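Worksheet for the structure shown next.
The values are calculated or read from the model by the stated rules, or taken from the named source; none is laboratory data. This is a predicted model, so every value here is computed, not measured. Cβ placement follows ideal geometry from the backbone for every residue including glycine, while neighbour counts extend to all protein chains displayed. Heavy atoms of the whole protein, side chains included, go into the accessibility calculation; ligands, DNA and RNA do not. Shrake-Rupley method; radii C 1.70, N 1.55, O 1.52, S 1.80 Å.
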Amino acid sequence: MLEAGATLVLPSRQRAHAARLAYAAAQLSAGKKVWSSADILAIEAWQVREIERAAAEGVSLARLISPAEEWLMWRQCTAQATGTLGLLDPAGLADSLRRASALAADFGVDVARLASAPGLEAPLLSNVERAVDERCRSLGAARMHALVGQLPARSAARAATFNGFLKLPPRLVSIGAVQTALPGPLAQPRVALASDDHDEMERIALWCQARIAAHPEARLLVIYPGSSGARERLATLIRQMIDPRAWFETGAVSPADAPVASLAVIEGGASLARRPIVAHAIDTLSWLSGAPGQFSELSEWLRDPYWKTPDEVGRARIDLWLRKRGFSSVSLSHLRGTLVAMPEEISEAARDLAGRLESAAEALAEGRASPREWSERFRAALEAMGWPGARVRGSGEQQTVVRFFELLDEFGQLALSVRSMSPQEAAGWLAELAAHTSYRPADEDAVVTISPALADPVVTYDGIWVAGLHADALPQPVQPDPFLPLAMQRLSGIPQSSPDGRLEEAHALMKAWRAATEQLVLSVPARSGDLQLLPSPLLALWMRHAEPPATEHKPLWLAARMHRPGHLESVEDPGVAWPVERSLPGGTRSLELQSLCAFRAYAELRLGSEEMETPEPGVGFDVRGQFLHLALQKLWQRLLDSRGLTERSEAALGELIEQSVAEAAEHILAPRNRAASSPGKERLFARECRRSVRLIRQLCALERQRRPFRVLATEAEATLTLAGAQVPLRIDRLDELEDGSRAILDYKSGRRKPADWYSERPSHPQLLAYLAVHRASASAMALVNITAREIRFDGLADSAQRLPKVRAVDAAGLAREEAWLVRTQEWVSNLERLARDFLAGRAALDPKPGACDYCHAIGICRISERALERLSEAAELSFEPTDV
């Protein structure tokens, strides 16, 4: 049929692509080296060609509106119709209305009659569609469905053969389109029962491996509904199972560009705007058009590889410098001004970036222009910025660049319907158009094709596996369109609107799968997460011979398969020792990290694996802590003792607190406000001052409940000797109590961490280090938690009367004074051990519970492998419960 020049029309671009590959494979198998390309089209492409052919033959037809024009019209008309509703996602609503309009046209539903229908949805569809059609008429154009209805019926019937439609839309039947079923025997399917989603995925990979091992030239189809992430994991597992050596050789390459990717490809496409190289171009145009952005976006933009000048180090230094300046949002003008003021060591990279931004801004120009002009300006601006860079691009990335330039041309076509746009409007519409455009680079003839859709395969495969066929998936759930009346949908025969329609679709699918292969496997997971699943009733005929879930689990992921516990030798391999004559780095920070996780202490303080600063809106936690510490220091320098606190009136105390906070703000917040050059920062800092005044007032109310005390020192510097090394300290506050003993206080303005005072790895070693310096005179120690949630003392003392709600130390059968001395000695011994381990360079991977939750070094510590080992050990010890 195809060799005779017939046209084959299929329901989607993916099926058309598969059919073209199958036709080419058949020609190669026949020994041909050159042949005429088969005329295989997706339904949309066929309709466009028929409209153009009819117009060329003299049929009077309006101009077919381009997809980009129609997309923009639906956006604008939807926004106009719902302008007073304050929608969160007007673009999503426009897409839904457009799909409803196309569905109504396919099945002959007259949307114009819905203007007076009850409810809000149907009248909204009618009003928006009427507005779109009026705009089309004003341009002498029409939408596709209106023009297809005007095609001559006989020529259309002769022109094409339709295949792969579960139900041919009545609109196509009205012009003579007839679906032709491909003849062939129906295979007897095999049902596989999996224990869960993971088991099902692994059985699919094993099946693919076995089929390809038996028949290297085989072509397989896996239909795997669900999330895109699950399909990506399945594709990775299949590639690793089929050719692990190729996976190792190309593991660092993007799957779209790697040769091993042709082993398993995923049908369909993702948003073009999600492609990294396109996202960089769109971000660049957004910056140049004057739109402000968050610092995280700017940081990613600077570190992208799509620059003509390969100065990654220079741009990384710019990123780090901006982080330290505290910019949470940046505009182009602000960025250009900041680049000029950068220090000498990064000035060369800053000048290069500033020059490119200036050249690109000149190419973009200002004022309003037509979409065609903006398309040309966008090209010139990106060229001035050096996009898409000088790096060598693989096939997939090069195809993506070409598709983006095609998108710019499509954007230029909007000039037929839009006269002019501002720079911000043009950049915004281009970004939305890219987000709306589905795209995937062209694939080679893949060994395994993974499809997300329950659809007719159209072409024959050497094996087909259909996954996830539980009772809620086949027949598919009824999903009527929300913008069309349900009764009208069912009367028009829209399949997804009724159970009967879905059941008819399910039977058609089963027949299509059986006709497309001799080896058909239908699988059902017994559960998904905590949800128990039942097999689809359509599998009942073959359930008697179903394969049960696997009783023995073998690791399939490449990392697990390569792991050889017996071949690895665990040895004590300490890092480089720290010179004892040098002070411990970070002061008590070294003890705190060594207690949390020895590896983190070594990585952060010895290897320089520090967490990058992230600018935040408002005041960051570290700045907030510095600010609060300084304000309290200045306050107690004036109050001096408990008498100075209790004898002052509330008004006088409030005035003193405000004065102390204002002085602290001048030292801590004001320089950051001047560096940020943002009026918004000033308002945020003023709010932070009000917050600090409120919290300090609450703390003073709690301090008034204490027995008489005198503040001996604030921010007092001291030195502690541990294991022969010096540990520099800065004690937040040291109070003298009425009996002459001392209380050590440490302010905490962040999230409260539960204290663990009696373990070998205490949770607050810095407070214990302060206690060690004053062990001879101290009788109490406490963290002073100052947060909006609570103001409290959290610590231990030799007596419960020392500080508000601070417990007495656990006596363990000893006298009160003796218990405090014994515990103090234990704490100092623990500090000595932590210091010795740090000095010796011990970096064992042994984190405390919860230490990994917010750790920035988790990417290099391989803690996940330790977790997998523990899970494996737990699995080996597990057993099935018996009935009693």
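For residue 678, indicate whether it is at pLDDT below 85 and either charged (D, E, K, R) or crowded, with 16+ Cβ neighbours inside 10 Å (or both). Yes; evaluated as a whole, the condition is true for this residue. In summary, residue 366 fulfils each of the numbered conditions (1) farther than 13 Å from residue 290 by Cβ; (2) open to solvent by 60 Å² or more (accessible area, probe 1.4 Å); (3) over 33 Å from the mean Cα position of the chain (by Cα) with the single exception of condition (1). If you scan segment 567-596, which residues turn out to be open to solvent by 60 Å² or more (accessible area, probe 1.4 Å), at pLDDT 80 or above and not in a loop (DSSP other than H, G, I, E, B)? Selection gives 589 alone. The condition of being surrounded by fewer than 16 Cβ atoms within 10 Å (Cβ to Cβ), closer than 22 Å to residue 424 by Cβ and not β-branched (Val, Ile, Thr) holds for residue 337. Exactly one residue out of 299, 286 is under 17 Å from the mean Cα position of the chain (by Cα) and small (Gly, Ala, Ser), and it is 299. Checked against (1) open to solvent by 70 Å² or more (accessible area, probe 1.4 Å); (2) free of Cβ contacts under 8 Å to residues at least 40 places away in the same chain, residue 408 meets all criteria but (1).
Checking 577, 652, 631, 603 one by one, the residue that is free of Cβ contacts under 8 Å to residues at least 40 places away in the same chain and small (Gly, Ala, Ser) is 652 and no other.
Looking only at segment 303-314, which residues are in a helix (DSSP H, G or I) and under 16 Å from residue 391 (Cα atoms)? Full working, then the answer.
Step one: list which residues in segment 303-314 are in a helix (DSSP H, G or I), which gives 303, 312-314.
Across segment 303-314, the qualifying residues are 303, 312, 313.
Cβ-Cβ below 7 Å, separation at least six or inter-chain, first residue in segment 697-726 and more than 15 Å from residue 644 (Cα to Cα), second open to solvent by 30 Å² or more (accessible area, probe 1.4 Å) and of a type in the set (Ser, Thr, Tyr): which pairs? Listed pairs, sorted by first residue: 725/583; 726/583; 726/719. Taking residues in segment 815-829 that are among the basic types (Lys, Arg), and partners anywhere that are open to solvent by 60 Å² or more (accessible area, probe 1.4 Å) and outside any loop (DSSP other than H, G, I, E, B), not one pair has Cβ atoms closer than 9 Å while being at least 6 places apart or on different chains.
If a residue must be at pLDDT 90 or above and in contact with a strand residue (DSSP E or B) (Cβ under 8 Å, 6 or more places away or on another chain), how many such residues does segment 322-377 contain? So the answer is 6. Residue 71 passes every criterion in (1) among the aromatic types (Phe, Trp, Tyr); (2) surrounded by fewer than 19 Cβ atoms within 10 Å (Cβ to Cβ); (3) under 23 Å from residue 482 (Cβ atoms) apart from (2).
With the condition kept exactly as written, say whether any residue in segment 875-883 is of a type in the set (Val, Ile, Thr), at pLDDT below 90 and part of a loop (DSSP other than H, G, I, E, B). It would help to see each step written out before you state the result.
We begin by selecting, within segment 875-883, every residue of a type in the set (Val, Ile, Thr); these are 882.
Checking which are at pLDDT below 90 leaves us with 882.
Remaining after also requiring part of a loop (DSSP other than H, G, I, E, B): 882.
Within segment 875-883, one or more residues are of a type in the set (Val, Ile, Thr), at pLDDT below 90 and part of a loop (DSSP other than H, G, I, E, B).
Within segment 87-135, the set of residues being modelled with pLDDT of 90 or more, within 34 Å of the chain's Cα centre (by Cα) and among the small types (Gly, Ala, Ser) comprises 94, 96, 100, 101, 102. The condition of being in contact with a Phe, Trp or Tyr (Cβ under 6 Å, 6 or more places away or on another chain), assigned to a helix (DSSP H, G or I) and open to solvent by 20 Å² or more (accessible area, probe 1.4 Å) holds for only one of 135, 98, that being 98. Among all positions in segment 745-758, there is at least one residue which is over 28 Å from residue 822 (Cβ atoms) and among the charged types (D, E, K, R). Close contacts from segment 81-103, counting a first residue that is in contact (Cβ under 8 Å) with a residue 60 or more places away in the chain and a second that is β-branched (Val, Ile, Thr) and open to solvent by less than 30 Å² (accessible area, probe 1.4 Å), with Cβ to Cβ under 8 Å and a gap of 6+ residues or different chains, come to 97/78; 97/128; 103/109; 103/494. Please determine whether any residue of segment 103-118 is surrounded by fewer than 17 Cβ atoms within 10 Å (Cβ to Cβ), of a type in the set (A, V, I, L, M, F, W, C), touching a helix residue (DSSP H, G or I) at 6+ places or on another chain (Cβ under 9 Å) and under 27 Å from residue 431 (Cβ atoms). Within segment 103-118 (the criterion being surrounded by fewer than 17 Cβ atoms within 10 Å (Cβ to Cβ), of a type in the set (A, V, I, L, M, F, W, C), touching a helix residue (DSSP H, G or I) at 6+ places or on another chain (Cβ under 9 Å) and under 27 Å from residue 431 (Cβ atoms)), the answer is no, since none of the residues qualifies. For segment 503-536, the candidate set comprises residues that are assigned to a helix (DSSP H, G or I) and either of a type in the set (A, V, I, L, M) or under 19 Å from residue 200 (Cβ atoms) (or both); within that set, the residue that is most open to solvent (accessible area, probe 1.4 Å) is 503.
Checked across segment 484-497, the condition of being touching a helix residue (DSSP H, G or I) at 6+ places or on another chain (Cβ under 6 Å) and open to solvent by 50 Å² or more (accessible area, probe 1.4 Å) holds for at least one residue.
Can you tell which of 649, 692 is within 17 Å of residue 784 (Cβ to Cβ) and of a type in the set (Ser, Thr, Tyr)?
Values: 649 fails: within 17 Å of residue 784 (Cβ to Cβ).
Only one candidate passes the filter, namely 692.
With respect to the conditions (1) within 37 Å of the chain's Cα centre (by Cα); (2) among the hydroxyl-bearing types (Ser, Thr, Tyr); (3) within 30 Å of residue 107 (Cα to Cα), residue 523 falls short on a single one, namely (3). Of the residues making up segment 722-778, those that are among the basic types (Lys, Arg) and either open to solvent by less than 50 Å² (accessible area, probe 1.4 Å) or in contact with a helix residue (DSSP H, G or I) (Cβ under 6 Å, 6 or more places away or on another chain) (or both) are 733, 761, 775.
One residue is enough: does segment 28-43 have a residue meeting the conditions open to solvent by 50 Å² or more (accessible area, probe 1.4 Å), part of a helix (DSSP H, G or I) and among the hydrophobic types (A, V, I, L, M, F, W, C)? Scanning segment 28-43, I find at least one residue that is open to solvent by 50 Å² or more (accessible area, probe 1.4 Å), part of a helix (DSSP H, G or I) and among the hydrophobic types (A, V, I, L, M, F, W, C), so the answer is yes.
For residues that are modelled with pLDDT under 90 and under 48 Å from the mean Cα position of the chain (by Cα), tally how many sit in segment 810-831. Selection size over segment 810-831: 1. Every listed requirement among (1) charged (D, E, K, R); (2) modelled with pLDDT of 90 or more; (3) under 13 Å from residue 689 (Cβ atoms); (4) open to solvent by less than 60 Å² (accessible area, probe 1.4 Å) is met by residue 641 save one, (3).
Yes/no per residue for (1) of a type in the set (Asp, Glu); (2) under 28 Å from residue 405 (Cα atoms); (3) open to solvent by 20 Å² or more (accessible area, probe 1.4 Å):
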| position | (1), (2), (3) |
| --- | --- |
| 436 | no, yes, yes |
| 442 | no, yes, yes |
| 454 | no, no, yes |
| 457 | no, no, no |
| 464 | no, no, no |
| 469 | no, no, no |
| 475 | no, no, yes |
| 480 | no, no, yes |
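Checking each residue in segment 689-712 for being among the small types (Gly, Ala, Ser) and surrounded by 16 or more Cβ atoms within 10 Å (Cβ to Cβ) picks out only 692.
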